[in-house]
Amino acid sequence: MIGRLNHVAIAVPDLDAASAQYRTMLGADVGAPQDEPDHGVTVVFITLPNTKIELLYPLGDASPIQGFLDKNPSGGIHHICYEVDDILAARDHLLAEGARVLGGGEPKIGAHGKPVLFLHPKDFNGCLIELEQV
Ligand SMILES: CC[C@@H](C(=O)O)C(=O)SCCNC(=O)CCNC(=O)[C@H](O)C(C)(C)COP(=O)(O)OP(=O)(O)OC[C@H]1O[C@@H](n2cnc3c(N)ncnc32)[C@H](O)[C@@H]1OP(=O)(O)O
Ligand SMILES: [Co+2]
């Protein structure tokens, strides 16, 4: 069911500093910050030859990453995103298998303009999983 790795997301305490570090120290192709109010984050995408890195910083009072940053004040890997062909079929299969699909199970439009869903980290070995329909 799952396909390619779309991105690895890292929650960071300072978006400007993290962006500058990837640009200057690692020589990466670092995009501009983009606010995603529907997701409660500001995101910077870093394009690598084979995948993307998503730097995340909280946006608004109810950001889903605030609790993670409170527990990990230096930042840390927050989620990985796998591509799927049909997100509703993937959701229904996962629900039938007993996985918890977050946010009521209805896909939202993600940062790439495509539908995304999240799966509870406690059901996947402590790793929050995002699915993106491509
Ligand atoms: C930019 C848009 C989009 C894209 O297109 O790429 C994005 O990526 S948006 C990214 C941000 N959005 C989300 O993360 C949405 C889904 N997340 C959630 O619904 C919540 O964050 C959560 C996963 C349900 C966690 O909720 P929270 O209230 O923060 O924490 P809890 O205390 O309820 O956590 C329970 C339990 O899970 C552990 N946890 C929390 N977050 C993670 C994580 N990222 N990775 C691994 N484990 C995580 C947390 O530590 C708790 O464990 P215990 O302490 O053992 O109870
Ligand atoms: Co993501």
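The values are calculated or read from the model by the stated rules, or taken from the named source; none is laboratory data. Everything quoted here is computed from the prediction, not taken from an experiment. A quick note on method: Cβ atoms are made from the backbone with ideal geometry, for glycine too, and the neighbour counts reach across all protein chains shown. Heavy atoms of the whole protein, side chains included, go into the accessibility calculation; ligands, DNA and RNA do not. Shrake-Rupley method; radii C 1.70, N 1.55, O 1.52, S 1.80 Å.
Name every residue in the range 104-134 that is without any contact (Cβ under 8 Å) to a residue 24 or more places away in the chain, of a type in the set (G, A, S) and either closer than 21 Å to I53 by Cβ or within 13 Å of ligand 2 (Cβ to nearest atom) (or both), in order of residue number.
Result: G113, G126.
Considering every residue within the range 65-83, establish whether at least one is in contact with a His (Cβ under 6 Å, 6 or more places away or on another chain) and part of a strand (DSSP E or B).
The answer is yes, given that some residue of the range 65-83 is in contact with a His (Cβ under 6 Å, 6 or more places away or on another chain) and part of a strand (DSSP E or B).
Which numbered condition trips up R23, out of (1) more than 10 Å from ligand 1 (Cβ to nearest atom); (2) of a type in the set (K, R); (3) loosely packed, with under 13 Cβ neighbours inside 10 Å?
(3)
When you go through (1) in contact with a strand residue (DSSP E or B) (Cβ under 8 Å, 6 or more places away or on another chain); (2) closer than 22 Å to E36 by Cα; (3) modelled with pLDDT of 95 or more one by one for H112, which number turns out not to apply?
(3)
Inspect all residues belonging to the range 12-21 and state whether any of them is out of contact with any Gly (no Cβ under 7 Å at 6 or more places or on another chain), within 16 Å of ligand 2 (Cβ to nearest atom) and under 16 Å from F124 (Cβ atoms).
no
Take the range 27-36 and flag every residue that is of a type outside the set (S, T, N, Q) and either more than 18 Å from A11 (Cβ to Cβ) or within 10 Å of ligand 1 (Cβ to nearest atom) (or both).
Initially, the range 27-36 is screened for residues of a type outside the set (S, T, N, Q), giving 27-33, 35-36.
Correct list: G27, D29, A32, D35, E36.
Out of all the residues in the range 38-45, is one or more near ligand 1 (Cβ under 9 Å from one of its atoms), among the charged types (D, E, K, R) and not in a helix (DSSP H, G or I)?
yes
When only residues in the range 96-112 that are near ligand 1 (Cβ under 9 Å from one of its atoms) and not in a strand (DSSP E or B) count, which is most open to solvent (accessible area, probe 1.4 Å)?
Checked the range 96-112; the qualifying residue most open to solvent (accessible area, probe 1.4 Å) is R100.
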